[in-house]
Amino acid sequence: MRRASLGAVLVALWIAEKQRRSDKEHLELAFNFVVTQPYKNAVLMISAVSVGKRPSEINSVVIYSQNATAQMYIAGFLPGSSAIPINLGYGKKAAWLCEEGFEHHIGSYLKTYCNSNASQLKICVSTTTENFTIAPSKEMKKTLESFAKEAEPAPERM
């Protein structure tokens, strides 16, 4: 009888822990070039879709490299972009269009803080409780590294 009771308690604890782990926010991120009017050139877009069981309160978007001594906080986005902060419920999407030529700013960041190397580059979307990251594709990293070669240095950290 005691074994059955102990087994029932263990199963109940396992189920509760499994539910606790799945009962949280989660964002799926994307980072790519898009073509949109009225801009003549493609612009970078960062997007997030809420797919977790809890809503997400997004507070910031940054670009960073693990070996860098500074992060690149993205403060301004093009008109038509989602606001920050923004609350996303399940299935809702936010999209941020970076200003035209923003890839040159990333190139400057790479040149100054990453030795022009994008291998460790990540985009981080922060909420009140979690940080969600995405690494650019290999092709995107090569493109950004090409901008780093010709870029002006970014402002130095004090």
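Which of the peptides 151-157, 64-70 is most tightly packed, and how do the rest follow, going by the mean number of other Cβ atoms within 10 Å of each residue?
Final packing ranking: 64-70, 151-157.
Out of the trypsin sites (Lys or Arg not before Pro) in region 38-123, which ones are loop residues according to DSSP with at most 12 other C-beta atoms within 10 Å?
When the trypsin sites (Lys or Arg not before Pro) of region 38-123 are filtered for loop state and at most 12 Cβ neighbours within 10 Å, 40, 53 remain.
Please work out whether region 25-81 counts as rounded, prolate or oblate from its C-alpha gyration tensor, where a ≥ b ≥ c are the square roots of the eigenvalues and a/c under 1.5 means rounded, while otherwise a/b larger than b/c means prolate and anything else oblate?
oblate
Given the options 8, 72, 135, identify the residue whose Cα lies farthest towards the positive end of the charge dipole of the chain (+1 on Cβ of Lys, Arg; -1 on Cβ of Asp, Glu).
About the Cα centre, the residue reaching furthest to the positive side is 8.
Would you be so kind as to identify which of 97, 153, 87 lies farthest towards the positive end of the dipole of the chain, taking Lys and Arg as +1 and Asp and Glu as -1 on Cβ and the Cα centre as origin?
The residue sitting farthest along the positive end of the dipole is 87.
Say R0 is 22 Å: what FRET efficiency, to the nearest 0.05, do residue 62 and residue 152 get from their beta-carbon distance?
With a Förster radius of 22 Å, E is 0.60.
Taking neighbour counts of Cβ atoms within 10 Å as a proxy for exposure, in what order, fewest first, do 114, 124 appear?
Neighbour counts put them in this order, fewest first: 124, 114.
Would you mind computing Rg(Cα) / (2.2 N^0.38 Å) for the chain, counting N as its residues?
Against the empirical 2.2 N^0.38 Å value, I get 1.35 for the chain.
Which order do the peptides 27-38, 96-107 come out in when sorted by mean C-beta neighbours inside 10 angstrom, highest first?
So the order, starting with the most tightly packed, is 96-107, 27-38.
Please compute the length gained on full extension between residue 5 and residue 137, using 0.36 nm multiplied by the number of residues separating them and subtracting their Cα-Cα distance.
42.4 nm
Going by C-beta contacts inside 10 Å, put 39, 113 in order with the fewest on the left.
Fewest to most other Cβ atoms nearby, the residues stand as 39, 113.
When the helices in the chain are scored as -39500 (n - 2.57) per DSSP H run of 4 or longer and the sum is shared across all residues, what 222 nm value do you end up with, to the nearest 500 deg cm²/dmol?
Estimated from H runs of four or more residues: -9500 deg cm²/dmol.
When the distances between all Cα atoms of region 101-150 are binned every 5 Å from zero, what whole-number percent does each bin get?
Histogram of Cα-Cα distances, whole percents per bin: 5, 23, 27, 21, 12, 9, 3, 0.
Along the Cα→Cβ direction, 7 angstrom out, place labels at residue 119 and residue 90. What is the inter-label distance in nm?
Placing both labels 7 Å beyond Cα along the Cβ direction yields 4.2 nm.
A short reminder: the numbers here are calculations on the coordinates, not readings from a lab. Just so it is clear, the model here is predicted, and its values are computed rather than measured. A quick note on method: Cβ atoms are made from the backbone with ideal geometry, for glycine too, and the neighbour counts reach across all protein chains shown.
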